[in-house]
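Novice: Let me give you the structure first, and then I'll get to my questions.
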Amino acid sequence: MRGRTLSAAIALTVFAGTVTLAAQPATASPTTGTAAARPIAASAAVLAAPDISVTNVQAHLTQFNSIATSNGGNRRAGSAGYTASLTYVKNKLQTAGYTVTEQYCSSCTYPSNNLIAEWPGGPTDQVVMFGAHLDGVSAGPGINDNATGSSVLLENALVLASQNPTMTKKVRFAWWTDEEQGLNGSRFYVNSLNTTQRGYIKGYYNFDMVGSVNGGYFINRVTSTTAAPLKAYWDSLGLQPEENVEGQGRSDDYYFQQAGIPTSGYAAGASARKTSSQAAKWGGTANSAYDPCYHRACDTTANVSATVLNRAADGVAYALWDLAVGGGTPSNDFSVAVSPTTRSVARGASTTATVSTATTAGSAQSVSLSASGAPSGVSVSFSPSSVTSGGSSTMTLTASSSAATGTFTVTVTGTGSVTRSATLTLTVTGTGGCAAAQVIGNGGFESGATVWTASSGVITNSSSKPARTGSYKAWLNGYGSTRTETLSQSVTVPAGCASYTLSFWTRIDTAETTSSTAYDKLTVRMGSTTLATYSNLNASTSYVQRTLNVAAYAGQTVTLTFTGTEDSSLQTSFVIDDVTLQAS
């Protein structure tokens, strides 16, 4: 995704009037209408959209990462890495039977080619278009931004070819160049279309950064009729998607929208920070970036959430089938979801997760549950092992005393008239047994600086800032001038436990008047990893408890550090009390 909002529009003809999409119950403009008008179970065009293998999508990501590694570390437009990426996609599509065209973008900052692919079948004057940008920035391999969108579309295109259904619309896929330099590839394409050709495109769907590790579930113009099939699928998973505010005007749907073509698309978020309410409903870390490696060298295959990626890939398939595939009566269909999506288990112990199903089309059906991908020594069972879609089951993962340790992706599959799947990330730790303990020493600071290492004056019993309990607390900053203060303690986290929770209470008061800019910050780290950041925007009149999952540090000795930084004016005080790290 491009790094800033466009500030100027090009001269394009915008067509007034309305556009009717396939299987839509009403006519609406590109930015009006509601998804509520299209109940998912009643959509006659769904026809059991295929389950897109997230493993196959990840294989494309691995290929793009290897291409970057072999070509100077990036896939920037006009570079050897970009050309190799385009060749990889083109060869896959031509082998599958697509009509593939390269379009040279002569006006691009880095002149290079867009890649356009059409599947045979469907009326040529009724086109549904799916696009993603294929280029990245020069700083790194660009795997979330935007090999995820490119790979999701590639795998959907290959699955469409393998199933070869009857088409009610012409499906056109596009991989854009030079997006990172100003949406230049897609702009060039839109400008190359005449009025009639633009009118043929009944909807353009854009997919930019659909695997962010701390991601959210965002849809471009979420309440529009165009967005309805994308929203319907995520609604079936209970995801409560939101408007893609961060991405407005920053990706390749922009010039289609300016030309009067209805647009929508999925995104998982870039450098903006996840709110507390979003973390509550989607998981992840509040007040941290959706993608911590946005436009950085660390945007590798490790910087992708398999769960978010899988849900985006399946949502694209649902929309494609809903909009462009026809023939026959609606098939019964269902979805599968796992909550939570990450679990940790020690050798000799077990953990559980809930597997939920929902009827997404037709009637409810019997769904048998199974699992694959568990490491050696870990068994998976379901109670019950079969449910009627709409029901749920408890999945139990039991690790033997000799189970393989590490982090693994377990795929849960529901089998009925079709198969649907979801993934869970399982971490196996320890040598068996949990030495449950609270490992923070002097967490209430009542013994002064004992155990802690702190900047001068941070641990105090000053009455001007009351402790939450007792007399002492840690008070960082509050000077109203440029200053950095730290508070740290080395802790040994026991192995073999199921739960690891860092808890502390903060009271933040500030003289800052802004409601949007974080001038003064409190950063919480374990080792060199930032767990959370708070700021003057988190000011409160009383203590607030903060809890963070630190299971990743099981079996390690690591330093917990609180760092307060204050700018040149207007004080912010970060007061901390009652710090605990409980392993159980």
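Novice: Would you confirm, using the coordinates I've provided, whether THR360 is exposed (fewer than 14 other Cβ atoms within 10 Å of the Cβ), in contact (Cβ under 8 Å) with a residue 40 or more places away in the chain and hydroxyl-bearing (Ser, Thr, Tyr)?
Specialist: On the way: exposed (fewer than 14 other Cβ atoms within 10 Å of the Cβ): no; in contact (Cβ under 8 Å) with a residue 40 or more places away in the chain: yes; hydroxyl-bearing (Ser, Thr, Tyr): yes.
It is false that THR360 is exposed (fewer than 14 other Cβ atoms within 10 Å of the Cβ), in contact (Cβ under 8 Å) with a residue 40 or more places away in the chain and hydroxyl-bearing (Ser, Thr, Tyr).
Novice: Going through the range 169-200 one residue at a time, which ones are within 28 Å of the chain's Cα centre (by Cα) and of a type in the set (Val, Ile, Thr)?
Specialist: Selection gives VAL171, THR177.
Novice: So TYR204 passes all but one of these: (1) aromatic (Phe, Trp, Tyr); (2) open to solvent by 40 Å² or more (accessible area, probe 1.4 Å); (3) touching a helix residue (DSSP H, G or I) at 6+ places or on another chain (Cβ under 8 Å). Which condition number does it fail?
Specialist: All conditions pass for TYR204, except number (2).
Novice: Considering each of LEU570, LEU581 in turn, give the residue that is on the phi > 0 side of the Ramachandran plot, modelled with pLDDT of 95 or more and among the aliphatic types (A, V, I, L, M). I'd like the intermediate steps shown before the answer.
Specialist: Values: LEU581 fails: on the phi > 0 side of the Ramachandran plot.
Unique residue meeting the criteria: LEU570.
Novice: While we're looking at this one, here's another question. Which residue pairs have Cβ atoms closer than 7 Å, lie 6 or more positions apart in sequence or on different chains, and pair a first residue in the range 533-545 that is more than 19 Å from LEU560 (Cα to Cα) with a second residue that is open to solvent by 50 Å² or more (accessible area, probe 1.4 Å) and not in a strand (DSSP E or B)?
Specialist: From the range 533-545, the pairs are ASN536/TYR519; TYR543/ARG468.
Novice: Then there is this: Which of the residues belonging to the range 110-144 are among the hydroxyl-bearing types (Ser, Thr, Tyr) and open to solvent by 20 Å² or more (accessible area, probe 1.4 Å)? Spell out the reasoning first.
Specialist: Going residue by residue through the range 110-144, those that are among the hydroxyl-bearing types (Ser, Thr, Tyr) are 110, 112, 124, 138.
TYR110, THR124, SER138, listed by residue number.
Novice: Of all residues in the range 145-197 being aliphatic (A, V, I, L, M) and open to solvent by 10 Å² or more (accessible area, probe 1.4 Å), which is nearest to VAL127 (Cα to Cα)?
Specialist: Just the residues of the range 145-197 that are aliphatic (A, V, I, L, M), to begin with: 147, 152-154, 157-161, 167, 171, 174, 183, 190, 193.
Then keep just the ones that are open to solvent by 10 Å² or more (accessible area, probe 1.4 Å); that gives 158-159, 161, 167, 193.
Working: LEU158: 18, VAL159: 19, ALA161: 17, MET167: 11, LEU193: 13 Å.
If we take residues in the range 145-197 being aliphatic (A, V, I, L, M) and open to solvent by 10 Å² or more (accessible area, probe 1.4 Å), then MET167 is nearest to VAL127 (Cα to Cα).
Novice: Identify the residue in the range 443-457 that is within 38 Å of the chain's Cα centre (by Cα) and open to solvent by less than 50 Å² (accessible area, probe 1.4 Å) and, among all such residues, is nearest to ARG343 (Cα to Cα). Quick ask: steps written out before the conclusion?
Specialist: First, pick out the residues of the range 443-457 that are within 38 Å of the chain's Cα centre (by Cα): 443-444, 452-455.
From the residues that got through so far, the ones that are open to solvent by less than 50 Å² (accessible area, probe 1.4 Å) too are 443-444, 452, 454-455.
On the way: GLY443: 27, GLY444: 30, TRP452: 31, ALA454: 34, SER455: 37 Å.
Among them, the one singled out is GLY443.
Novice: With respect to SER389, determine if the residue is crowded, with 17+ Cβ neighbours inside 10 Å and within 29 Å of THR285 (Cα to Cα). Reasoning before the result, please.
Specialist: Working: crowded, with 17+ Cβ neighbours inside 10 Å: yes; within 29 Å of THR285 (Cα to Cα): no.
No; evaluated as a whole, the condition is false for this residue.
Novice: Additional query: Quick one: how many residues across the range 346-355 are open to solvent by less than 50 Å² (accessible area, probe 1.4 Å) and either of a type in the set (Gly, Ala, Ser) or over 23 Å from SER584 (Cβ atoms) (or both)?
Specialist: The initial filter retains those residues of the range 346-355 that are open to solvent by less than 50 Å² (accessible area, probe 1.4 Å), namely 346, 349, 351, 353, 355.
Keeping just the survivors that are either of a type in the set (Gly, Ala, Ser) or over 23 Å from SER584 (Cβ atoms) (or both) gives 346, 349, 353, 355.
Qualifying residue count for the region: 4.
Novice: Something else now. Could you list all residues from the range 364-416 that are touching a residue at least 40 places away in the same chain (Cβ under 8 Å), over 29 Å from ALA495 (Cα atoms) and of a type in the set (A, V, I, L, M)?
Specialist: VAL367, LEU369
Novice: While we're looking at this one, here's another question. Taking the range 77-99, which residues are in contact (Cβ under 8 Å) with a residue 40 or more places away in the chain and either open to solvent by 60 Å² or more (accessible area, probe 1.4 Å) or closer than 23 Å to VAL159 by Cα (or both)?
Specialist: SER85, LEU86, VAL89, LYS92, LEU93, ALA96, GLY97, TYR98
Novice: Quick check on GLY348: is it in contact with a Gly (Cβ under 8 Å, 6 or more places away or on another chain) and not basic (Lys, Arg)?
Specialist: Details: in contact with a Gly (Cβ under 8 Å, 6 or more places away or on another chain): yes; not basic (Lys, Arg): yes.
Yes, satisfied.
Novice: Can you pull out every residue in the range 395-426 that is in a strand (DSSP E or B), surrounded by fewer than 21 Cβ atoms within 10 Å (Cβ to Cβ) and more than 25 Å from the chain's Cα centre (by Cα)?
Specialist: Within the range 395-426, THR396, THR398, THR415 qualify.
The values are calculated or read from the model by the stated rules, or taken from the named source; none is laboratory data. Note that the coordinates shown come from a computational prediction; the quantities given were computed from them, not determined experimentally. Neighbour counts are summed over all protein chains in view; Cβ atoms, including those assigned to glycine, are modelled from backbone coordinates with ideal geometry. Accessible surface areas use protein heavy atoms only, side chains included; no ligands, DNA or RNA. Shrake-Rupley method; radii C 1.70, N 1.55, O 1.52, S 1.80 Å.
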